[in-house]
Amino acid sequence: MTEVNVERLTREFTTLVQISSPSYKERELGNYLIKRLNGLGLLVEEDNTGEKIGGNCGNIFARLPGDEKYPTLFLCAHMDTVQPGEGIKPVLKDGVFRSDGSTVLGGDDKAGIAAMIELLEILKEERVPHGPLEILFTVGEEQGLRGSKNFDCSRLKAKCGYVLDSSGKPGTIIIAAPTQNIINFSIKGKAAHAGIEPERGINAIQAAGHALVRLRLGRIDAETTANIGVIRGGKATNIVPDLVYLEGEVRSLDRKKMEALTSEIIETFTKAVEAAGAKSEVKVTFEYPEFRLDPEMSVIRYASQAAEKAGLQVRYETSGGGSDANVFNAAGIPTANLGIGMQQVHTKEEFLEVKDLTDDVRWLIELIQLTAGREGEGS
Ligand SMILES: [Zn+2]
């Protein structure tokens, strides 16, 4: 029988989170993983994404040869973590991993990496029949999916894949995630001495304020959100400010809604800024496309059947966030994002139950065995 070695798994997770890997500085973790995957019998390559995105490490892509008569399975997790995420000291107490309170835990996404490594350990020692496996560890995910966006997806032989990078208990399957636009505004006014001749100036901060209050932000509907998250500008109290930058985003599961709301925000904002006598320049960056997977597709059926076999409760969910799965789906490889039990991610309160980490591996083992039993089944 296939048993998870819980002690080995918790040791691996502890090791992984202690290797600092903030976005663009994944080198040390990359070196560790290359060695680890080599030791597990995989053929490992690193691509040149690091150079392209200004980081010190590329995506790490590895293949585990398997029985070619079974479908190739593709698994992905990201190497980078958000800040504060350096010098993480994991604390394991009562079956729960937390940080010491000064950093995030980094279970996002090292829980995914640890689960994949334990799976590979089990495949190595137990000789479970399996098809070829493709393993991808991406960089720069937290910076707008920069690693996966620069990965050459044509290298994948798999017809479907799984990203291990969602909150939610094991058994949770993300079947839809939003598309996103980033919007940058530069509001230009006119500088003047604030005490001597303010009437000669045009206050860019005030113009931005007039415009901001007119925007629809927050939750727009069940599948659409908008936010202005950054404001920067002004130099001193005695200068009428001539420049303000704003950065915001629009997301929706529906591309048309995202585009319509983006236009609405730009139009409303620009009009109001101009009414205040200032000017506004806008830049829109399309970040990634949405995806929606039908529960009847084999990528979802495999995951749900495997979860049931592992005794996990299957939940189909839509996400409000993007992940590497958005990129692979856009490249034509149906890819689901799986809930792996990480909780309160991107905060110092982040935690992870050992039971969930163990269930992640049990889920993956069932997935492998299931696909190996589905000889010749199409997608
Ligand atoms: Zn993540």
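At-a-glance table
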| item | result |
| --- | --- |
| The chain - mean residue ellipticity at 222 nm from DSSP helices (-39,500 (n - 2.57) per run, n ≥ 4, rounded to 500) | -10000 deg cm²/dmol |
| Kirkwood-Stokes translational diffusion coefficient of the stretch 1-144, alpha-carbon pairs, 20 °C, 1.002 mPa s, µm²/s | 136 |
| GNM flexibility winner over the chain from Glu51, Glu366, Glu141 (Cα, springs under 10 Å) | Glu51 |
| Percentage relative contact order, the stretch 179-288, counting C-alpha pairs under 8 Å, at least six apart | 43 |
| Cross-link pairs beyond the 23 Å C-alpha cut-off, checked among Lys25/Lys355; Lys93/Lys309; Lys25/Lys149; Lys110/Lys309; Lys93/Lys355 | Lys25/Lys355; Lys93/Lys309; Lys110/Lys309 |
| Kirkwood Rh, angstrom, the stretch 179-288 [1 / mean 1/r, Cα pairs] | 14.4 |
| Which of Arg155, Arg301 has the fewest Cβ neighbours within 10 Å, and the rest in rising order | Arg155, Arg301 |
| Stokes-Einstein D for the chain, Kirkwood Rh over Cα pairs, 4 °C, 1.567 mPa s (µm²/s) | 58 |
| Length-normalised contact order for the stretch 1-69 - Cα pairs under 8 Å, 6+ apart - percent | 25 |
| GNM result for the chain, Cα springs below 10 Å: residue of Ile300, Ile202, Ile88 fluctuating most strongly | Ile202 |
| Centroid-to-centroid separation of the stretch 284-355 and the stretch 215-269 [C-alpha atoms, Å] | 27 |
| Shape category assigned to the stretch 1-77 from the gyration tensor of Cα positions, a/c cut at 1.5 | oblate |
| Neighbour-count order for Phe151, Phe328, Phe351, fewest beta carbons within 10 angstrom listed first | Phe351, Phe151, Phe328 |
| Centre separation in Å (Cα based) which lies between the stretch 84-124 and the stretch 27-74 | 19 |
| Amide N of the stretch 254-282 lying under 17 Å from the label point, which is placed 7 angstrom from the Cα of Glu247 along Cα→Cβ | 281-282 |
| Cα gyration tensor shape for the stretch 224-325, rounded if a/c is under 1.5, else prolate or oblate | prolate |
| Listed residues Arg315, Arg11, Arg292, most fluctuating in the chain (Gaussian network, C-alpha, under 10 Å) | Arg11 |
| The chain: relative contact order as a whole-number percent, Cα under 8 Å and 6+ apart | 23 |
| Footprinting exposure proxy for His130, His78, His193 (fewest neighbouring C-beta atoms within 10 Å first) | His193, His130, His78 |
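Every read-out reported here was derived from the displayed coordinates using simple, explicitly stated rules and does not represent laboratory data. These figures come from a predicted structure and were not determined experimentally. When we count neighbours, we look across all protein chains shown, and the Cβ atoms used for this are built from the backbone with ideal geometry, even at glycine.
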